[in-house]
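*Asks:* I have a structure here, written as structure tokens, and I will follow up with some questions on it.
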Amino acid sequence: MPAHPGAPPRTLYAGAVIRPARTADLPAITACVEEAYAHYIPRMGKRPAPMDADHAARLDATWVLCDPDLAGLIVLIPDGAALMIENVAVSPAHQGHGYGRRLMDFAESQARERGAPALTLYTNEKMTENLALYGRLGFHETDRRTEAGFARVYMTKPL
């Protein structure tokens, strides 16, 4: 079942909205992810997994934040009873405006609307600022494992 069939956009402020992604958004989604994760390449020694993800395959689970152009995105996937944040990215040109936090708040509201008892996510252990941020947002570490050559830290936020 698609994650957002017929879902209306949600106005944030000053014209910024979160809305379901469309096929026409794919070039901007790809560019946003490339730009948002590029600075991790030297630290990790390789491209982070979201940079090589099949964005078209997850389009029905992707929400974009536009102000008015695409500034960020979040991918929300059912994960058992929970809702998983598979990817969250804000383009560097739009960082510092609270869009990442708004996307995370949106994920929490989506989880609650869907009756999910928790949000889950994973990040790379070398993305230390993400680990700190997610901790401040109420996530706690549940597992660490290496998958597809990436050292991942799994986290959960009970709702």
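*Asks:* Of all the residues that make up segment 23-76, how many are surrounded by fewer than 16 Cβ atoms within 10 Å (Cβ to Cβ), under 30 Å from Gly115 (Cα atoms) and either touching a residue at least 40 places away in the same chain (Cβ under 8 Å) or more than 16 Å from the chain's Cα centre (by Cα) (or both)?
*Replies:* 2
*Asks:* Sort out which residues of segment 17-29 are over 17 Å from Val90 (Cβ atoms) and either touching a strand residue (DSSP E or B) at 6+ places or on another chain (Cβ under 7 Å) or part of a strand (DSSP E or B) (or both), and write them in order of number.
*Replies:* Pro20
*Asks:* For a quick check of your reading: which strands (runs of 3 or more DSSP E) sit entirely within segment 85-159 and have at least 1 residues that are among the aliphatic types (A, V, I, L, M) and at pLDDT 95 or above?
*Replies:* Where strands (runs of 3 or more DSSP E) fall fully within segment 85-159 and carry at least 1 residues being among the aliphatic types (A, V, I, L, M) and at pLDDT 95 or above, they are 118-124, 150-158.
*Asks:* How do the pairs read when you match residues in segment 126-149 that are closer than 19 Å to His39 by Cβ with residues anywhere that are part of a helix (DSSP H, G or I) and not aromatic (Phe, Trp, Tyr), using Cβ under 7 Å and keeping only pairs 6 or more apart or on different chains?
*Replies:* The qualifying pairs are Lys126/Arg43; Lys126/Met44.
*Asks:* What are the residues in segment 87-100 that are surrounded by 14 or more Cβ atoms within 10 Å (Cβ to Cβ) and aliphatic (A, V, I, L, M), if any?
*Replies:* Val88, Ala89, Val90
*Asks:* So, one more: Checking Met84 against (1) surrounded by fewer than 20 Cβ atoms within 10 Å (Cβ to Cβ); (2) within 22 Å of Met155 (Cα to Cα); (3) not charged (D, E, K, R), which single condition isn't satisfied?
*Replies:* Among (1) surrounded by fewer than 20 Cβ atoms within 10 Å (Cβ to Cβ); (2) within 22 Å of Met155 (Cα to Cα); (3) not charged (D, E, K, R), the lone unmet condition for Met84 is (1).
*Asks:* Applying the selection to segment 55-82, what residues are among the charged types (D, E, K, R) and out of contact with any Asp or Glu (no Cβ under 8 Å at 6 or more places or on another chain)?
*Replies:* Across segment 55-82, the qualifying residues are Asp60, Asp67, Asp69, Asp79.
*Asks:* For segment 30-52, which residues satisfy the criterion of being outside any helix (DSSP H, G or I) and farther than 20 Å from Leu70 by Cβ?
*Replies:* Selection gives Gly45, Lys46, Arg47.
*Asks:* Any residue at all in segment 97-115 that is of a type in the set (A, V, I, L, M) and more than 22 Å from Gly135 (Cβ to Cβ)?
*Replies:* no
*Asks:* Then there is this: Going by the conditions given, is Arg112 touching a Leu at 6+ places or on another chain (Cβ under 7 Å) and surrounded by fewer than 19 Cβ atoms within 10 Å (Cβ to Cβ)?
*Replies:* Criteria met by Arg112.
The values are calculated or read from the model by the stated rules, or taken from the named source; none is laboratory data. Everything numeric here is computed off the predicted structure, so don't read it as measured data. As a convention, Cβ positions derive from the backbone with ideal geometry for all residues, glycine included, and neighbour counts pool all protein chains shown.
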